[in-house]
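Participant: Right, I'll just put the structure down here and ask away after.
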Amino acid sequence: MPSLQPDEVIKKVQKGESLERADLRGVVLPRAVLDGVNLRRGELDGANLEAASLKRANLKNASLRETFLVGANLEDANLESADLEGCNLENANLRGANLGRANLEGANLMNANLSGARLAYAELQSANCGKTDFSHSILTHADLDECYLGGARLGEADLRNATLRGANLEEADFAKARLDHAEMGDANANLARFVSASMQQVNLSHSTLTGADFTDADARKINFTGARMQGAILTGAKLNGVVATDAEVAGITCEWIDASTEGDGSKPLRNAQIVALLSGKEVEEKAPTRPQGTRYFGKGDVLRNASLEFGGGASVEIESLFEHCSITIGTGTELVIGKHGVLAGCQIQGAGNITIHGHFFEGDSPGIVGPSQLVVSKGASLVGAIEQPESFTRFGFEPGCNLRVKIAKPGAQSSSSKGNGRRKK
Amino acid sequence: MAEVKGAASEKKTLIEEGTRFKGSLSSTCAVVVRGSIEGDVEAPALTVSPSGAVHGKVKVGDLRSEGEIAGEFDADSVLLSGAVKDNTVIKARSLEVKLQPASGKMQVVFGECAIDAGEPAGKEAAIAAATAGDKKASVPPEP
């Protein structure tokens with residue numbers, strides 16, 4: 001029996017009296033309004049507080065083991081170091097709550113809203129966090145081993161140094177989350193989204209990552225040892241120092257990755273180079289390691305008034321200055337204007353894939369005709385008109401890119417351009 | 001049109017699917033369009049859902065579009081997918097279009113449009129930077 005009856009609790013709260021250290025074990029207070037109550041070090045084990053309102057309540061160091069808090073409103077509540085083991089918080093609102101060092105082992109947080117909550121060093125082992133909203137929350141050093149996070153939303157959450165060993169992360173969304181140094185070995189992350197996440201030195205060894213999306217993730221020094229990665233997407237990921245020994249990489253989608261040490265896009269790799277990197281082979285900086293068929297124009301070189309033609313499937317990288325040049329690229333050709341590359345007064349024609357890390361300024365308009373893919377990275381510039389092919393161009397513009405472009409539909413014959421109207425054949 | 005509370009509790013103006021709005025819309029809270037707007041929009045943020053369409057003159061802080069847009073768009077930051085129709089002008093401090101895998105659905109289909117985003121390096125400055133190191137003239141490679 002609790003030391004206070006439910007009506008006594010309500011009266012004390014209404015009078016603004018403190019319930020610090022109160023013994024409320026097993027108390028039944030569904031839908032009670034207890035906003036701002038001071039229950040610091042209170043004992044609420046096994047209590048029924050279904051749909052109760054506990055906004056801004058002080059529950060620091062309180063004991064809430066097996067407490068029934070389904071649908072409760074704990075927005076901005078202080079639950080620091082509280083013991084919530086086995087607690088049922090399904091559909092509860094914990095937005096902005098402080099759960100630092102709280103014990104949530106085996107708790108049910110299904111569909112709960114913890115956006116912006118603070119959970120540093122919290123213990124969530126074997127907790128049920130299916131479809132829980134952890135967006136923008138702080139989970140640094142949190143223990144999420146064997147936790148169920150299926151369909152959970154962790155966008156922009158901070159999970160640095162957290163442990164998620166053996167956790168179920170199926171279809172969880174970690175977009176733009178910070179996961180550096182997280183321990184995620186043996187996790188099941190099928191179809192999880194790590195788009196643009198920061199994942200430096202994360203351990204995902206022996207994890208299942210089928211169909212997981214690592215697009216644009218900063219995964220430098222990530223450990224994929226023995227991971228099952230069939231159908232995973234790695235396009236644009238920063239993978240310098242990746243360890244992927246015995247990883248199963250069949251069917252991965254990876255148009256290019258960045259192998260630069262600084263993760264600044266200065267060392268893009270494609271095709272066989274990516275396979276080599278994931279196989280643990282060193283991909284050297286210098287030209288001799290470039291795959292056969294690669295044409296490289298180094299920094300400091302200047303080409304003027306040249307006409308260049310590259311056949312289908314070729315790989316061309318330009319770190320030089322090209323002025324008034326005409327470049328024709330065949331189907332599937334990869335043309336990369338490197339960080340130091342400048343194409344001024346130039347025109348590119350053909351159904352290849354163009355990636356601009358440097359600068360492109362058109363001469364004759366449209367400056368770019370018929371590309372099947374055009375990517376402009378952060379800090380790069382593109383000034384000119386683009387005429388799309390019949391199948392339309394696949395565009396990728398990174399935030400921070402600089403554009404002054406006119407895009408024309410297939411067959412538009414540069415009708416929208418303001419150039420001199422001439423087209424080079 | 002209704003004001004709704006989103007996940008983050010901030011108020012949003014919602015043009016629901018099936019609703020067609022014609023005229024000028026000015027709001028101090030974010031606008032979410034699941035239906036269609038034909039006219040001018042001014043708001044701190046505009047989200048066009050996959051079922052949504054906005055045709056007109058738009059001035060917003062953040063623009064996120066997965067639907068159809070046409071007209072003049074002036075925004076601080078833009079995240080685009082969906083369709084950009086003919087005669088569209090987009091001016092933004094920051095623009096993002098995510099590159100989708102070649103096997104996947106096209107992220108954005110652009111009609112005739114003009115995009116003005118970021119601050120392009122001046123042509124002369126870029127040439128000067130490229131030639132700042134050791135210069136050497138090259139000849140075109142053998143065909």
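Participant: Residue under question is residue A:276, and the condition is that it be of a type outside the set (S, T, N, Q), free of Cβ contacts under 8 Å to residues at least 12 places away in the same chain and more than 14 Å from every other protein chain (Cβ to nearest Cβ); does it hold? Can you show your working first?
Facilitator: On the way: of a type outside the set (S, T, N, Q): yes; free of Cβ contacts under 8 Å to residues at least 12 places away in the same chain: yes; more than 14 Å from every other protein chain (Cβ to nearest Cβ): yes.
Spelling it out, residue A:276 is indeed of a type outside the set (S, T, N, Q), free of Cβ contacts under 8 Å to residues at least 12 places away in the same chain and more than 14 Å from every other protein chain (Cβ to nearest Cβ).
Participant: Sort out which residues of the range B:89-110 are at pLDDT 90 or above and closer than 18 Å to residue B:49 by Cβ, and write them in order of number.
Facilitator: B:96, B:97
Participant: Take the range A:14-27 and flag every residue that is exposed (fewer than 15 other Cβ atoms within 10 Å of the Cβ) and among the β-branched types (Val, Ile, Thr).
Facilitator: None; the set is empty.
Participant: Quick one: in the range A:340-349, which of the residues that are more than 11 Å from every other protein chain (Cβ to nearest Cβ) and in contact (Cβ under 8 Å) with a residue 40 or more places away in the chain is nearest to residue A:387 (Cα to Cα)?
Facilitator: Of everything passing the filter in the range A:340-349, A:349 is nearest to residue A:387 (Cα to Cα).
Participant: State all residues of the range A:108-135 that are in a loop (DSSP other than H, G, I, E, B) and not small (Gly, Ala, Ser); if no residue qualifies, say none.
Facilitator: Of the range A:108-135, the ones in a loop (DSSP other than H, G, I, E, B) are A:109-112, A:114-117, A:119-122, A:124-127, A:129-132, A:134-135.
If the condition is that a residue be in a loop (DSSP other than H, G, I, E, B) and not small (Gly, Ala, Ser), then A:109, A:110, A:111, A:114, A:119, A:121, A:124, A:125, A:129, A:131, A:132, A:134 are the ones that fit.
Participant: Can you work out which of the residues in the range A:202-223 that are small (Gly, Ala, Ser) and buried (at least 23 other Cβ atoms within 10 Å of the Cβ) is nearest to the chain's Cα centre (by Cα)?
Facilitator: First pass over the range A:202-223, keeping only residues small (Gly, Ala, Ser): A:205, A:207, A:211-212, A:217, A:219.
Within this subset, residues satisfying the condition of being buried (at least 23 other Cβ atoms within 10 Å of the Cβ) are A:207, A:212, A:217, A:219.
On the way: A:207: 17, A:212: 11, A:217: 6, A:219: 10 Å.
Of everything passing the filter in the range A:202-223, A:217 is nearest to the chain's Cα centre (by Cα).
Participant: On to the next question. Is one or more of the residues making up the range A:240-255 in contact with a Pro (Cβ under 9 Å, 6 or more places away or on another chain), in contact (Cβ under 8 Å) with a residue 24 or more places away in the chain and buried (at least 18 other Cβ atoms within 10 Å of the Cβ)?
Facilitator: Among the residues of the range A:240-255, at least one is in contact with a Pro (Cβ under 9 Å, 6 or more places away or on another chain), in contact (Cβ under 8 Å) with a residue 24 or more places away in the chain and buried (at least 18 other Cβ atoms within 10 Å of the Cβ), which makes the answer yes.
Participant: Checking residue A:412 against (1) closer than 23 Å to residue A:270 by Cβ; (2) surrounded by fewer than 21 Cβ atoms within 10 Å (Cβ to Cβ); (3) at pLDDT below 90, which single condition isn't satisfied?
Facilitator: All conditions pass for residue A:412, except number (1).
Participant: Please work out which one of (1) in contact with a Lys or Arg (Cβ under 6 Å, 6 or more places away or on another chain); (2) within 14 Å of another protein chain (Cβ to nearest Cβ); (3) at positive phi is the condition residue A:201 fails and give its number.
Facilitator: (2)
Participant: When the residues of the range B:58-87 are narrowed to those that are over 17 Å from residue B:111 (Cα atoms) and away from chain A (no Cβ under 14 Å), which ends up surrounded by the fewest Cβ atoms within 10 Å (Cβ to Cβ)?
Facilitator: Within the range B:58-87, the match that is surrounded by the fewest Cβ atoms within 10 Å (Cβ to Cβ) is B:61.
Participant: Taking the conditions exactly as written (within 14 Å of another protein chain (Cβ to nearest Cβ) and either of a type in the set (Gly, Ala, Ser) or in contact (Cβ under 8 Å) with a residue 60 or more places away in the chain (or both)), does residue A:107 satisfy them or not? Break it down stepwise before answering.
Facilitator: Details: within 14 Å of another protein chain (Cβ to nearest Cβ): no; either of a type in the set (Gly, Ala, Ser) or in contact (Cβ under 8 Å) with a residue 60 or more places away in the chain (or both): yes.
The answer is no for residue A:107.
Participant: Residue check: is residue A:262 acidic (Asp, Glu) and either surrounded by 23 or more Cβ atoms within 10 Å (Cβ to Cβ) or over 19 Å from the mean Cα position of the chain (by Cα) (or both)? Quick ask: steps written out before the conclusion?
Facilitator: Values: acidic (Asp, Glu): yes; either surrounded by 23 or more Cβ atoms within 10 Å (Cβ to Cβ) or over 19 Å from the mean Cα position of the chain (by Cα) (or both): no.
No, not satisfied.
The values are calculated or read from the model by the stated rules, or taken from the named source; none is laboratory data. Just so it is clear, the model here is predicted, and its values are computed rather than measured. Every residue, glycine as well, gets a Cβ built from its backbone with ideal geometry; the counts of neighbours run over all protein chains shown.
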